[in-house]
Amino acid sequence: MTDNRHISEEELALHAMQTLTDEESAAVRLHVSECGACREQLAEISGDLALVAMSVEQHAIPDGARERFVDRISAGPARPLSFMRAPVIPFTPERKTPRAWSWIPWIAVAALLVLSAALGVKAYLLSQQFETVDALLRKEERLLQAHNAESMRAHALLEALTAPSAQHVMLTTGKTPPAPSARAVYLASRGALLLQASNMQPLPPNKTYELWVIPATGAPIPAGLFRPDASGSGSVVLPSIPQGVAAKAFGITIENAGGSMTPTAPIILSGAAPAAGE
Amino acid sequence: MSETPENPIKGTGIPHDRVRFTTSQDELLLERVRARDHKAMTDLFDRYGGMVYSVALRVLKDTGHAEDVMQDIFFHVWENPRAFISGRGSLGAWLTVVARNRAIDALRRRKPSDSVDEVVLPAKTNLASEAERNTIMEKVRGVMKRLPSDQQKSLQLAFFEGLSHSEIAAQTGDPLGTIKTRIRTALISVRKAIQA
């Protein structure tokens, strides 16, 4: 992909357009972080891409977009809009399993019968408490009206549950967010380390993620702080760490904003390092 | 260790004196944004929202998702106003590249949608900077149209569709090396035309 000294302009252009593989891009990032000439070239290419982006036909932002943005910054830290949408998953009556729904009318009928019986008993007991026929009739009339109202509700319920044209909709919470992950590239002999993290959970302002190099022997070495952007991405590029440290594993913890010299449990992400050269 | 700077863009090839006025205005606004000035952030949104949205819409072809990308980008600027480093290029150019990259990210995570927005008037911005921007946009559009069709197609597929050079090669039947060269040559042509 590169010659021994510099990365070609073609490869830099593909890198700037994010069309290289993760591994290729990581290698480019590592090289660019050390090579001023390639860094300069990449900046020039990014400027060219900005021009290409400006060639698009201009559209007005959607109605209400500005107000939504103002509301969002007024509300303070928030999750990306795409996570705020709880999907409504419709399913058609044809897909329902008859056995799963067949008990509903019977339950409704049984409930209606029990309700009717209860109301009848109650009417009878109440009738014993009234001394005059007129009073008894008035009470029974009210009970009958209530009975009729309950019957109509039960009937409406039964109709809604059994109608073929009824829509059955299941409401769920939002999609499960993708799991946090991170990829580290480490060259022990140079003390060069690159970490790219994605889908990281947002942190309160007084907290930060901290990367750790866990050596084969000795205490974990702090290897840089990062906070994820709005999309959950974050990176650590060439932190100041000693050279020649053989890493057994890498880990990420949550620390106070200024970082820590010793990791605080729990370890949010960790990964064992393969033997050098694997 | 502090956060990694996120602005890799050096410049747009646009003569410096032409962008100086707008850039200094942007820097003043960013300074106020860093001081948590809502009005300054809204001004930045007004100035560049349409451009960012248009780039995202060109990639995603879906008004809702394009707005999501636009909102997330400006909210990111609000939460991380130091992500853009002054002196490394114009804020507008940076935002267009970020918009394109975020839109490609969104495109790769979901199935394509056929919802396309209708053409409407440009967003409201500062008159002077808008005039500059319109001049540059027209110039770039002209250059893009004059590119050889194979260069134009390769660049469009890579930049706006997010296809890798391998995918473009598979689609066009051309060798990988040819695709890479076409993209690079097209970019150089755009840069030279703007600098001329």
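List of remarks:
- Residues within the stretch A:13-41 that are within 11 Å of chain B (Cβ to nearest Cβ) and either surrounded by fewer than 19 Cβ atoms within 10 Å (Cβ to Cβ) or not hydroxyl-bearing (S, T, Y) (or both), tallied: 15
- Condition met for A:L49 (closer than 18 Å to B:L187 by Cα, touching a Ser or Thr at 6+ places or on another chain (Cβ under 9 Å) and not small (G, A, S)): yes
- Breaking point among (1) more than 8 Å from every other protein chain (Cβ to nearest Cβ); (2) within 14 Å of the chain's Cα centre (by Cα), for B:A35: (2)
- Summed over the stretch A:222-237, the residues that are more than 7 Å from every other protein chain (Cβ to nearest Cβ) and on the phi < 0 side of the Ramachandran plot give a count of 5.
- Any hit, the stretch A:195-209, residues being surrounded by 19 or more Cβ atoms within 10 Å (Cβ to Cβ), among the aromatic types (F, W, Y) and farther than 28 Å from B:V69 by Cα: no
- Count of the stretch B:38-53 residues which are facing chain A (nearest Cβ under 8 Å), touching a residue at least 12 places away in the same chain (Cβ under 8 Å) and not aromatic (F, W, Y): 5
- Restricting the first member to the stretch B:171-196 and to residues that are more than 9 Å from chain A (Cβ to nearest Cβ), and the second to residues that are exposed (fewer than 14 other Cβ atoms within 10 Å of the Cβ), the beta-carbon pairs closer than 7 Å and six or more apart or on different chains are B:L176/B:S166.
- Failed criterion for A:L51 (all others in (1) assigned to a helix (DSSP H, G or I); (2) within 30 Å of the chain's Cα centre (by Cα); (3) not acidic (D, E) hold): (2)
- Taking the criterion of being exposed (fewer than 14 other Cβ atoms within 10 Å of the Cβ) and either among the hydroxyl-bearing types (S, T, Y) or touching a residue at least 12 places away in the same chain (Cβ under 8 Å) (or both), the residues of the stretch A:210-227 that qualify are A:A216, A:T217, A:A219.
- Residues located in the stretch B:137-155, provided they are among the polar types (S, T, N, Q) and surrounded by fewer than 18 Cβ atoms within 10 Å (Cβ to Cβ): B:S149, B:Q152
- Filtering the stretch B:65-89 to residues that are small (G, A, S), more than 8 Å from chain A (Cβ to nearest Cβ) and touching a residue at least 12 places away in the same chain (Cβ under 8 Å) leaves B:A66, B:S86.
- Restricting A:E44, A:E57 to those that are within 7 Å of chain B (Cβ to nearest Cβ) and modelled with pLDDT of 85 or more reduces the list to A:E57.
The values are calculated or read from the model by the stated rules, or taken from the named source; none is laboratory data. What you see is a predicted model; the values in this text were computed from it and never measured. With ideal geometry, Cβ positions are generated from the backbone for all residues, glycine too; neighbour counts draw on all protein chains shown.
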